[in-house]
Amino acid sequence: MSGRRRGEQPMVPRAEFSSYYGRPVIKSPVWAAPDIAGYLFLGGLAGASSVLAAGAQLTERPGLAKVAKSGALAAGCLSLAGLVHDLGRPSRFINMLRTFKVTSPMSVGSWLLAGYVPVAAASCASAVTGRLPRIGAAATLGSAVLGPAVATYTAALISDTAVPAWHDGYREMPFLFAGSAATAAGGLGLLAAPASEFAPARNLAVLGACGELAAARLMERRLGLVAEPYQRGPSGGFMKAGQVLAAAGLVGALATLGRPRLGLAGRLAGAAFLAASAVTRWGIFHAGRASAADPKYTVVPQRERVEARESRSG
């Protein structure tokens, strides 16, 4: 008797996670990958590019400023186009502007884009044509003020869903998106700016890549089981590719230290940074879809939270 284990012993294996008719526990996002994954990336590129453009203008780097302003406008317009295409009709986007709901990330984001794109267009037009410099300077400042919100509000947008890999990462996701946006904007500057004006773009890209990698690592460690889609499968492949590209960009950026002009290594670093940001956003998008499709990412954390509450109350 003394050798027997006390208490109730499990007589059946733990149940496998499934649902009626094999359907997921929660509804998977209906967003399309080219539209919304691109929307996540392009919004970040646009917002961070506006901040870089303002800094370049203040430090009298007109070539870098022009590249950043052009990139901001192009990315902003493409981001808006992706959102409208996903909605199906332009009128649906216009209808979203009929009200402003501060508790709705989609409502706030729609208004942000509606206000951001015109000022980014004015800033870019002035830089390209050389006309109306005062209006262009004011528009540059306005787009820089709106830029950080444009770059990061999509983190709140996806975190405000029931999708486990997105919702559970709400603490780190804004920092991850901010870092990814800075990586993209800095990469574009390194890739296309004049060879003598690259320093701010390099510094922004390095800072963004380090922040992006750190935030992703912290999020994956904290999420535990729910982080599996960020580490495995196609979405995990995207995330790993983003990390490799970011590391390659950092190596290339370090090779430019102490050099007055940007060489081939710097241009390649810019391309790597830009690709790293895009691939990471694709990975985040597909990780969310994968976590919504597998019931265990919804059921196991819920069960663990219930057991934790019961143990504390007991």
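Looking at residue 237, is it touching a helix residue (DSSP H, G or I) at 6+ places or on another chain (Cβ under 9 Å), buried (at least 24 other Cβ atoms within 10 Å of the Cβ) and within 30 Å of residue 30 (Cα to Cα)?
Values: touching a helix residue (DSSP H, G or I) at 6+ places or on another chain (Cβ under 9 Å): yes; buried (at least 24 other Cβ atoms within 10 Å of the Cβ): no; within 30 Å of residue 30 (Cα to Cα): yes.
Answer is no for this residue.
Determine whether residue 130 is surrounded by fewer than 16 Cβ atoms within 10 Å (Cβ to Cβ), of a type outside the set (D, E, K, R) and more than 16 Å from residue 80 (Cβ to Cβ). Steps first, answer last, please.
Details: surrounded by fewer than 16 Cβ atoms within 10 Å (Cβ to Cβ): yes; of a type outside the set (D, E, K, R): yes; more than 16 Å from residue 80 (Cβ to Cβ): yes.
Yes: the conditions hold for residue 130.
Taking the conditions exactly as written (crowded, with 17+ Cβ neighbours inside 10 Å and free of Cβ contacts under 8 Å to residues at least 12 places away in the same chain), does residue 119 satisfy them or not?
Numbers: crowded, with 17+ Cβ neighbours inside 10 Å: yes; free of Cβ contacts under 8 Å to residues at least 12 places away in the same chain: no.
No.
State all residues of the range 192-205 that are part of a helix (DSSP H, G or I), of a type in the set (A, V, I, L, M, F, W, C) and surrounded by fewer than 21 Cβ atoms within 10 Å (Cβ to Cβ); if no residue qualifies, say none.
Here is the first cut: in the range 192-205, the residues part of a helix (DSSP H, G or I) are 192, 199-205.
Those still in the list that are of a type in the set (A, V, I, L, M, F, W, C) too: 192, 199, 201, 204-205.
The answer is 192, 199.
I need the full set of residues from the range 72-98 which are touching a helix residue (DSSP H, G or I) at 6+ places or on another chain (Cβ under 7 Å) and of a type outside the set (A, V, I, L, M, F, W, C), in order please. Can you show your working first?
Our first condition is that a residue be touching a helix residue (DSSP H, G or I) at 6+ places or on another chain (Cβ under 7 Å); within the range 72-98, this holds for 72-73, 75-80, 82-87, 90, 93, 96-97.
Passing the criteria: 76, 79, 82, 85, 86, 90.
Can you run down the residue pairs with Cβ atoms below 6 Å, 6 or more apart or on separate chains, where the first is in the range 53-65 and under 16 Å from residue 205 (Cα atoms) and in contact (Cβ under 8 Å) with a residue 40 or more places away in the chain and the partner is part of a loop (DSSP other than H, G, I, E, B) and aliphatic (A, V, I, L, M)?
Sorted first by the residue in the range 53-65, then by its partner, the pairs are 64/193.
Based on what the data block shows, is residue 100 among the hydrophobic types (A, V, I, L, M, F, W, C) and farther than 21 Å from residue 38 by Cα? Can you show your working first?
Working: among the hydrophobic types (A, V, I, L, M, F, W, C): yes; farther than 21 Å from residue 38 by Cα: yes.
For residue 100, the condition - among the hydrophobic types (A, V, I, L, M, F, W, C) and farther than 21 Å from residue 38 by Cα - is met.
Please find, among 84, 102, 128, 119, the residue that is over 23 Å from residue 57 (Cα atoms) and at pLDDT 85 or above.
Numbers: 102 fails: at pLDDT 85 or above; 128 fails: over 23 Å from residue 57 (Cα atoms); 119 fails: over 23 Å from residue 57 (Cα atoms).
Every option except 84 fails the conditions.
Would you say residue 309 is charged (D, E, K, R) and surrounded by fewer than 23 Cβ atoms within 10 Å (Cβ to Cβ)? Reasoning before the result, please.
Values: charged (D, E, K, R): yes; surrounded by fewer than 23 Cβ atoms within 10 Å (Cβ to Cβ): yes.
Here the answer is yes, as residue 309 does meet what is asked.
Restricting attention to the range 95-111, does a residue exist that is more than 24 Å from residue 288 (Cα to Cα), of a type in the set (Gly, Ala, Ser) and crowded, with 16+ Cβ neighbours inside 10 Å?
No: the range 95-111 contains no residue that is more than 24 Å from residue 288 (Cα to Cα), of a type in the set (Gly, Ala, Ser) and crowded, with 16+ Cβ neighbours inside 10 Å.
If you take the residues in the range 258-299 that are among the hydroxyl-bearing types (Ser, Thr, Tyr) and within 29 Å of residue 200 (Cα to Cα), which one is surrounded by the fewest Cβ atoms within 10 Å (Cβ to Cβ)? Outline the logic, then answer.
To start, the set of residues in the range 258-299 that are among the hydroxyl-bearing types (Ser, Thr, Tyr) comprises 277, 280, 291, 297-298.
Now drop any that are not within 29 Å of residue 200 (Cα to Cα), which leaves 277, 280.
Working: 277: 34, 280: 29.
For the range 258-299, the residue satisfying everything is 280.
Of the numbered conditions (1) buried (at least 24 other Cβ atoms within 10 Å of the Cβ); (2) at pLDDT 95 or above, residue 70 satisfies every one except a single condition; which is it?
Residue 70 satisfies every listed condition except (1).
Given the criterion in a helix (DSSP H, G or I), touching a Cys at 6+ places or on another chain (Cβ under 8 Å) and free of Cβ contacts under 8 Å to residues at least 60 places away in the same chain, identify the matching residue among 142, 211, 179. Break it down into steps so the answer makes sense when it comes.
Numbers: 142 fails: touching a Cys at 6+ places or on another chain (Cβ under 8 Å); 211 fails: touching a Cys at 6+ places or on another chain (Cβ under 8 Å).
Among 142, 211, 179, only 179 is in a helix (DSSP H, G or I), touching a Cys at 6+ places or on another chain (Cβ under 8 Å) and free of Cβ contacts under 8 Å to residues at least 60 places away in the same chain.
Quick one: in the range 195-232, which of the residues that are in contact with a helix residue (DSSP H, G or I) (Cβ under 7 Å, 6 or more places away or on another chain) and among the small types (Gly, Ala, Ser) is nearest to residue 293 (Cα to Cα)?
Taking the range 195-232 and keeping what is in contact with a helix residue (DSSP H, G or I) (Cβ under 7 Å, 6 or more places away or on another chain), we get 197-198, 200-202, 204-209, 211-213, 215-216, 219-220, 225-227, 229-231.
Remaining after also requiring among the small types (Gly, Ala, Ser): 201, 205, 208-209, 211, 215-216, 227.
Values: 201: 39, 205: 34, 208: 31, 209: 30, 211: 29, 215: 25, 216: 22, 227: 14 Å.
Checked the range 195-232; the qualifying residue nearest to residue 293 (Cα to Cα) is 227.
Okay, residues lined up against (1) not in a helix (DSSP H, G or I); (2) not hydrophobic (A, V, I, L, M, F, W, C):
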{"residue": "222", "(1), (2)": "no, yes"}
{"residue": "240", "(1), (2)": "no, yes"}
{"residue": "259", "(1), (2)": "yes, yes"}
{"residue": "274", "(1), (2)": "no, no"}
{"residue": "279", "(1), (2)": "no, no"}
{"residue": "297", "(1), (2)": "no, yes"}
{"residue": "301", "(1), (2)": "no, yes"}
{"residue": "310", "(1), (2)": "no, yes"}
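The values are calculated or read from the model by the stated rules, or taken from the named source; none is laboratory data. Small disclaimer: the values here were computed from a predicted structure and weren't measured. Cβ sites come from the backbone with ideal geometry, for glycine too, and all protein chains shown count toward neighbours.
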